[in-house]
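Novice: My questions all concern the structure below.
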Amino acid sequence: MTTQTTTPATGRTVQLPSARVLFGAVIVACILLPFAVFLGEILFTDKDPYRNEGPVDSFISIAVVGGAALVIALGVSALLVRSPERARVGAVVFGALSVLTVVVFWSGAPGLFGAAAAWLAGLTRGGRPLGGAARVAGIVGAFVAVLNILLAVGGIVLSAII
């Protein structure tokens, strides 16, 4: 008679950075870096900065949409993170917002909402991880935040090459 032993699969865990670092990475990559590129285009090229979808239009749209997302994500999250019940609901709401705002990825809004979902779900360093739907929303939010950073930096690199 042979006995089979099974060992439980070791779960891979990925440690996210702290909420400050995650939010900071999104802000730098998705808001400040494009601002610097557009400012460089204004200062160092002869292109009309006021053309359609030019640097001035991009400044305004990123400032308005990204700024509003920053205030909402950080302001509301700071209020909700204190209570696990409220953080659970906030994680789901911000996770959904991160997916819904992917159409305005150029503004950094999906990354900011995704970082808020990950923070509220307790997935950032120093947080207490929540379970259930909040955890799923936090994972989706973290994915969207990283994807938004990659899209912003990749877009800037591609525009410099082309």
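The values are calculated or read from the model by the stated rules, or taken from the named source; none is laboratory data. Owing to the predicted nature of the structure, the values given are computational and were not obtained by experimental measurement. All Cβ positions, glycine included, derive from the backbone under ideal geometry; neighbour counts span all protein chains shown. Accessible surface areas use protein heavy atoms only, side chains included; no ligands, DNA or RNA. Shrake-Rupley method; radii C 1.70, N 1.55, O 1.52, S 1.80 Å.
Novice: Mind ranking Ser61, Ser159, Ser107 by accessible surface for me, highest first, 1.4 Å probe? It would help to have the intermediate numbers written out before the result.
Specialist: Working: Ser61 40, Ser159 75, Ser107 0 Å².
Order by accessible area, largest first: Ser159, Ser61, Ser107.
Novice: Given the convex hull of the Cα atoms of segment 63-110, what is a quarter of its surface area in nm²?
Specialist: Working: hull surface 11.8 nm².
Across all orientations, segment 63-110 yields a mean hull projection of 2.9 nm².
Novice: Could I ask something else about it? Over the chain, with the other protein chains present, what is the accessible area per residue in square angstrom, probe 1.4 angstrom?
Specialist: Values: 9940 Å² over 162 residues.
Here the per-residue accessible area is 61 Å².
Novice: Taking Cα atoms, how many degrees apart are the long axis of helix 67-80 and the longest axis of the chain, rounded to 10 and kept between 0 and 90?
Specialist: 30
Novice: Between (1) 144; (2) 112; (3) 101, which entry matches volume of the Cα convex hull per residue in Å³ as derived from the coordinates of this structure?
Specialist: (1)
Novice: For the chain, what does the helix formula give at 222 nm: sum of -39500 (n - 2.57) over DSSP H segments with n ≥ 4, over the residue count, nearest 500 deg cm²/dmol?
Specialist: Working: 7 runs with 101 residues, N = 162.
Helix-only estimate at 222 nm: -20000 deg cm²/dmol.
Novice: Using a Gaussian network model of the chain whose springs link C-alpha atoms within less than 10 Å, name the residue from Thr101, Thr13, Thr45 with the highest mean-square fluctuation.
Specialist: Checking each option, the largest mean-square fluctuation is seen for Thr13.
Novice: Another one. Hand me the chymotrypsin sites (Phe, Trp or Tyr not before Pro) from segment 22-104 located in a DSSP loop with no more than 15 other Cβ atoms within 10 Å, in residue order please. Show your work: numbers first, answer last.
Specialist: Numbers: sites: Phe23, Phe35, Phe38, Phe44, Tyr50, Phe59, Phe94; in loops: Tyr50.
Taking segment 22-104 and a limit of 15 other Cβ atoms within 10 Å, the loop chymotrypsin sites (Phe, Trp or Tyr not before Pro) found are Tyr50.
Novice: Assuming R0 = 45 Å, what is the FRET efficiency of Thr45 and Ser83, from their Cβ-Cβ distance, to the nearest 0.05?
Specialist: On the way: r = 51 Å, r/R0 = 1.12.
With R0 = 45 Å, the Cβ-Cβ based efficiency is 0.35.
Novice: P(r) of segment 19-69 in 10 Å steps, Cα pairs, percent per bin?
Specialist: In order of increasing distance, the bins hold 25, 47, 22, 5, 0 percent.
Novice: Another question, if that's okay. For a Förster distance of 25 Å, can you work out the FRET efficiency between the beta-carbons of Val37 and Arg128, rounded to the nearest 0.05?
Specialist: Computed FRET efficiency for Val37 and Arg128: 0.05.
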